[in-house]
Each structure stands twice: as C-alpha cells, then as structure tokens.
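Here is the structure we will look at.
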Amino acid sequence: MGDYFEQQAVEFLQAQGLTIIARNYHAIDAKKIGEIDIIATSSQTVRGRAQNTLIFVEVRARKQMTHAQFATSLETITPTKRRRIIAAAEHFLQQSPKFAEYDCRFDVVAFDVDEKGVSVPQWIVAAFLAY
C-alpha cells in the first residue's frame, strides 16, 4: 500500500508545480536515523526575488474507521517520527550543500482511504516545525 500512495503523492505534488529531487531518502550513520518519503523543491518569485523552498514530505495512508477513537493519517505522525524526519532532513542538508540557502519546511500528504478504497490526497503545508 505504501509504494502506491507514495507514487500518488509524487504525481499530486508534481501537478501542484513541485519538482521531486529524491524519494525514500535514508539517513544512516552508526545507527539508522530516519527516512524521508519525498524531497521536493518549489521556486516562486516574491517581490521580484526568487524564493526557493526545500520540502520534506511524509506520506501517510490509512483506512478510515467509523469510530472516533481511531487516528487519521495525519495523527499517526508521532513526536518520535517527527524527530526522525527532522534528523534525516538535517543529514540531507549536510550531504547536499547546494540547498543550504533554501528555506525548508515539512509537509504531509495524507490519504484516508474509505471503505470503497477511495481517497483524495490531503496536502498539509508546514505540517510541523523543526525546533
């Protein structure tokens, strides 16, 4: 299920104008640090100046439950998962100095799949912050 929704997220983000530069980025040192599903860039002109953004995207897919006690896809991103994504992003930036001047943000593309197997991507821009 994961690969399918990652591909759906890639296609969705490309349709929104993002450029995909990496998929399934693994940051590894003495121990595994973390993984980022998609790394993308966005370039916009703001007040006559180019604004480049490096976007680290977590893709989440989950079957919808009818009971309120079950978490949505977005709610399944725990603080530990966030820390691992942030650590992997830091590793990526250390390995890719050409992105040092880019703004960075952490987005989520979530798919909550209904009982018929239908889902629509929900893009949460700046879903969480790196502290």
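Which of the residues spanning segment 79-125 are outside any helix (DSSP H, G or I) and more than 17 Å from residue 6 (Cα to Cα)?
Across segment 79-125, the qualifying residues are 96, 100, 101, 102, 103, 104, 105, 114, 115, 116.
Matching residues to (1) at pLDDT below 85; (2) among the β-branched types (Val, Ile, Thr); (3) more than 15 Å from residue 121 (Cα to Cα); (4) not in a strand (DSSP E or B):
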| position | (1), (2), (3), (4) |
| --- | --- |
| 10 | no, yes, no, yes |
| 17 | no, no, yes, yes |
| 25 | no, no, yes, no |
| 38 | no, yes, no, no |
| 44 | no, no, yes, no |
| 57 | no, yes, no, no |
| 62 | yes, no, no, no |
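Any residue in segment 99-115 that is in contact (Cβ under 8 Å) with a residue 12 or more places away in the chain and under 15 Å from residue 76 (Cα atoms) sitting within a Cβ distance under 8 Å of a residue that is of a type in the set (Ser, Thr, Tyr) and crowded, with 18+ Cβ neighbours inside 10 Å? List the pairs, counting only those 6 or more apart or interchain.
What qualifies is 108/73; 110/73; 111/73; 111/119; 112/73; 112/119; 113/119.
I'd like to know if segment 66-78 contains one or more residues that are modelled with pLDDT of 90 or more, within 15 Å of residue 37 (Cα to Cα) and either part of a strand (DSSP E or B) or among the aliphatic types (A, V, I, L, M) (or both).
No, that holds for no residue.
Working only within segment 85-111, note down all residues that are of a type outside the set (A, V, I, L, M, F, W, C) and buried (at least 17 other Cβ atoms within 10 Å of the Cβ).
Matches in segment 85-111: 91, 102, 105, 107.
Of the residues that sit in segment 46-55 and are part of a strand (DSSP E or B) and not hydroxyl-bearing (Ser, Thr, Tyr), which one is nearest to the chain's Cα centre (by Cα)?
It comes out as 55.
The values are calculated or read from the model by the stated rules, or taken from the named source; none is laboratory data. Just so you know, these numbers come straight off a predicted model, no measurement behind them. Using ideal geometry, Cβ is built from the backbone for each residue, glycine included, and neighbour counts are taken over all protein chains shown.
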